[in-house]
Amino acid sequence: MSGTRSDGELLRAVAADGDRRAFEELYRRYAPWLTARMRSRCADAGIVDDVVQETFLAVWRGTARYREETAGADAAGWLWRIASRRLVDALRGAGARGRLRQALARLRHRDEASAEERVLAGVEHGDLAGALVRLSPELRAVLQATVVDGLTTREAAVLLGIPPGTVKTRAMRARRQLREALA
């Protein structure tokens, strides 16, 4: 076969034939991206690595079924949904909350600022940065998931481990607080 196979072709080959080369190509194509995206949601590199491995293991074993008609032929989005569910499960695991708190504390003291922090630091004359900092961590997390990451309410709910209605309520409360702070 000449040329690079599409994501759909790779996924069909893995699902139908257990094609190891197709699986390896899919892994090379998406594992680095998925790892980077997961690390923006979880500071614990060990958990992230486990989640990425579990995601691809589910693809290989066939426990995660790709359906082009329901997934919209978007392999990246499909893999993200699998990984985000696995991340939520991992964070709910025993001891995960303590490890996450420690990792977040280390993250706060790192030298390199995230892209979001650099954008906020650039807003010197407005009080947007200050208004965002004053939001509770729960409200900031919802804004991160829905505004910055562009997730749907349902996807944000899965990622954050809260009901969709709570995501909507927190997003509304965050917008209201930001409006009040910037008025």
*What is the magnitude of the charge dipole of the range 1-54 about its Cα centre, with +1 placed on the Cβ of each Lys and Arg, -1 on the Cβ of each Asp and Glu, and no other charges, expressed in debye to the nearest 20?*
200 debye
*asked:* What FRET efficiency comes out for R21 versus T166 if R0 is 30 angstrom and r is the Cβ-Cβ distance? Round to the nearest 0.05.
replied: 0.10
*Where a label projected 7 Å from the Cα of D74 along Cα→Cβ would reach, residues of the range 158-173 with amide N under 12 Å*: none
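Bear in mind these aren't lab numbers, they're just calculated from the coordinates by the rules spelled out. Keep in mind it's a predicted model, so treat the numbers as computed, not measured. Positions of Cβ are backbone-derived with ideal geometry, glycine not excepted, and every protein chain shown enters the neighbour counts.
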